[in-house]
Amino acid sequence: MTDLTLGRAAGPSLKQRRQRAAFWFLAPMLIALFCVAAWPLLRTIWFSMTDASLSSMYEAEWIGFDNYLSVRTLSSGRVVFRGTLVDPHWWNAVWNTVRFALISVGFETAFGLIVALVMNAEFKGRGLVRAAILIPWAIPTIVSAKMWGWMLNDQFGIINDILLGVGLIDQKIAWTASVDTAMTAVLIVDIWKTTPFMALLILAGLQMVPRDIYEAARLDGVHPVKVFFRITLPLIKPALMVAVIFRMLDALRIFDLVYVLTPNSAATKTMSVISRENMIDFDKFAYGAAQSTLLFAIIAVFVSLYIWLGRVDLSGDSQR
Amino acid sequence: MTRNLPSRIAFYALVAVIVLFAVFPFYYAIVTSFSTGTALFQVSYWPKVFDLANYKAVLGSRNFPRSILNSVFIAGCTVGFALFLAVTASYALARVRFRGRGLLLMTILAVSMFPQIAVLAGLFELVRFLGIFNTPWAMILSYTIFTLPFTVWVLTTFMRDLPVEIEEAAIVDGANPWVIITRVFLPLLWPALVTTGLLAFIGAWNEFLFALTFTSSESMRTVPVAIALLTGASQQEIPWGPILAASVIVTVPLIVLVLIFQRKIVAGLTAGGVKG
C-alpha cells in the first residue's frame, strides 16, 4: 500500500496519506494476531504430521498422515489400520461433542426466544429480569461447574433433594458420576449458563422490529401465535441465525465445563478434552495435535456451510 | 401486554420462574459457603448459619490470594494490551476506505471463532520457546487470541456510527490521523472502551484452557484453575465449603460490575452480532 505513494513528487494526496496511516495503524494488530493465531495454527498442523512428544519437540520426524490414518500390511497378510480416524475414543468424543452442541444450542435457542419475548414485553420489573438473567452469564464457567457440581451432588445435593421431595425420582441419582446422566448434567449447566446470552442477542433483534407491525396485526385480530410465526420469527431470523452460529461454534469447542464437572467420564469427553488429554497428559503431543487439527477442520467446514446455506450476513454491510 | 387477569398471572409466573432459575444456583452457593461441619451436608433452602470459616480458610491459604493477584494482573494487562492495539486498528477499519477491508474484518471475526484447542500445540511451543512457560506472560500473550478480535470488532462498529463531520473538521484544521484518534475520537470512545474493556476483562478472568496448560506450579495459577484444582486434606474428600467460598469471592466483584454497567454490556454484547 505504501509504495503507491512514493513515486509522487508533489507529495501524497490526503486519501493516500490516510491509507498509509491506516496501514501503520493496522500493522501492530495484524502482527499480534499472526503470532497468537495464524502461526500457532500452522505449527499445530505441522506437529500433527510428525511424531513429536512434549519432551522432544524439536527432534520430531515427519511421518505424514500417520497420526490420522496409517495402513500397514503385516507379514501374515493382515491389514492393520492405526491413527485417529480409526480410534474409537476419538469417534466417541466426536459423537459426544455433536450431540452436546445440537441439544444444548437447540434448548438455548428455544429458551432464549421465550426469555427474549418476555423481556420485549413492557411490564413492571423488566429491569430486574434483565439484571437477574445477566448473573448466570457473568459467573465464570469453572465456578458454574463447581456450583452445579455441588447442587447435583449425589449424597448432599439440593437437586436430588427437590426431586425426591416432589416424587419425581425414588432414589438419589449420581448425576455427574453416572454414565447415563453425566451428559444431562453437562447440558443442564451449559443451558443454564448460556441461555441469557442467547436471549440478549435475540432481544436485540426483537427490538428492531417496528412496534407498528404488532399494532396493525392486533387491530386486524390476528392470533398472537400466528403473529409470532408469520411476523416476528421471519423478521428476527437474521439475528437468530447469527446467535445460533456463535453459540454452535462455542458449543463445538467446549472444554472447561466438561473437564471440571465430569472429569474423566467417557460419556461426556468432547473433542477438545480428548485432544488436550493426548497432547499434555498422555504425552502423545502429535496425536493430540492431529485431533485438534481435525476439530479445526470440522468447525471450518461447518462455518462455511452454515454461512453459505443460510446466507448469513456477518459483516453487516448490506445494512449500510 | 394482554389485559385479562389469567394471562397476566401466567405471564408473571413465567417471569418469576425465569428469575428464580437465573438467581437460585448462585444464591444457593452463597448459602452453602457460610455453613461448615455437618450443617454443610444438610440441604437448607434458607441461610441458617453464618460462619466465615470457609472464607478464612480460603483467604488464609498460601496460594489462593496469590491466584487472585495473578488473575488481576493477567486480566489487567490483557485488557490494556488489547485496547491499545484495537483503538488504532479499528480507526483504520471504521474510518479509512481501502481495498480488502471487508475481507480483513471477516478474517478478524474468523479468528475469534477459532477453537482454542487448535492453537494449543503451536502456542505451547511458542510459550516454551519464549521462556515464559509458567509465568503470567504466557497467559497475557495467549489471551490476545480472543480479546483482540473481539475488541477490534466491537470498537469498529462503535466508531462507524460516530458522525463524519467532527473528523472532517479536524482534517480541515490540519490534524493528522494520530491526532484525530487521540484528541478527537478517544474522548468520544470512552463509553465503548469501558464496555469492551470490561467484556475483555471478564473473558480473561474466566479463561481456563490456556491457564491450565501454561502453568505448572500452584503459585502461578489463575483463579479458575485454582478453584478447579482445589483439593482437600485427602484425595477422596472434596472441600466443598472452601470451593464455594472461593467461587463467591471471585464472582461477586464480576456480578457487581456487570450489574453496574448492564446497559452498556448488553449493547456491547449485541454490537458484534446483530447489526446485520
Residue order, fewest to most beta carbons within 10 Å, for A:233, A:74, B:198: A:74, A:233, B:198
Under a 5 Å amide H to amide H cut-off, with H placed in plane at 1.01 Å, what residues pair with residue A:50 once short-range neighbours are removed? A:63
Three principal axis lengths of the stretch B:161-276 [C-alpha, angstrom, descending]: 72, 29, 26
With N set to the number of residues, divide the alpha-carbon radius of gyration of the stretch B:218-269 by 2.2 N^0.38 Å and report two decimals. 1.53
Quick one: Karplus J couplings for the stretch B:78-93, per residue in order, coefficients 6.51, -1.76, 1.60, θ = phi - 60°, nearest Hz, x for Gly and Pro? 4, 5, x, 4, 5, 5, 4, 5, 6, 4, 5, 5, 6, 4, 4, 6
Could you work out how far the C-alpha centroid of the stretch A:264-302 sits from that of the stretch B:1-58, in angstrom? 37 Å
Could you run the Karplus curve 6.51 cos²θ - 1.76 cosθ + 1.60 with θ = phi - 60° over the stretch A:65-75 and give me ³J(HN,Hα) per residue in whole Hz, x for Gly and Pro? 8, 4, 5, 7, 7, 9, 10, 10, 9, 6, 4
So for A:130, A:72, fewest C-beta neighbours within 10 Å to most, what's the order? A:72, A:130
By the gyration tensor of its Cα atoms, with a ≥ b ≥ c the square roots of the eigenvalues, what is the shape of the stretch A:132-228: rounded for a/c under 1.5, prolate for a/b over b/c, or oblate? prolate
The protein assembly as shown: Rg to Rh, with Rh as the Kirkwood radius over Cα pairs: 0.99
Projected convex hull area of the stretch A:26-130, Cα atoms, direction-averaged, in nm², equals 13.6 nm²
Residue order, fewest to most surrounding Cβ atoms within 10 angstrom, among A:124, B:48: A:124, B:48
The alpha-carbon pair-distance distribution computed for the stretch B:5-51, with 5 angstrom bins and whole-percent values, is 5, 20, 21, 13, 12, 11, 9, 6, 3, 0
Looking at the stretch A:172-320, what % of the alpha carbon pairs are farther apart than 19 Å? 67 percent
HN-Hα couplings for the stretch A:20-33 via Karplus (6.51, -1.76, 1.60; θ = phi - 60°), in whole Hz with x for Gly/Pro, come out as 5, 4, 4, 4, 5, 6, 7, 4, x, 5, 5, 5, 4, 5
For a test of the definition: using alpha carbon positions, the gyration tensor, and the 1.5 limit on a/c, classify chain A as rounded, prolate or oblate. oblate
Using just the alpha carbons, could you tell me how many Å³ per residue the convex hull of chain B encloses? 196 Å³
Relative contact order, percent, chain A [alpha-carbon distance under 8 Å, six or more residues apart]: 24 percent
Number of partner chain Cβ atoms within 10 Å, mean per residue of A:94-100: 0
With just the Cα atoms defining each centre, how far is the stretch A:99-171 from the stretch B:175-248? Give it in Å. 23 Å
By average C-beta atoms within 10 angstrom, highest first, the peptides A:156-165, B:66-75: B:66-75, A:156-165
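Laboratory data are not the source of any read-out in this text; all were calculated from the coordinates shown. Everything numeric here is computed off the predicted structure, so don't read it as measured data. Because the Cβ atoms are built from the backbone with ideal geometry, glycine has one as well, and the counts that use them run over all protein chains shown.
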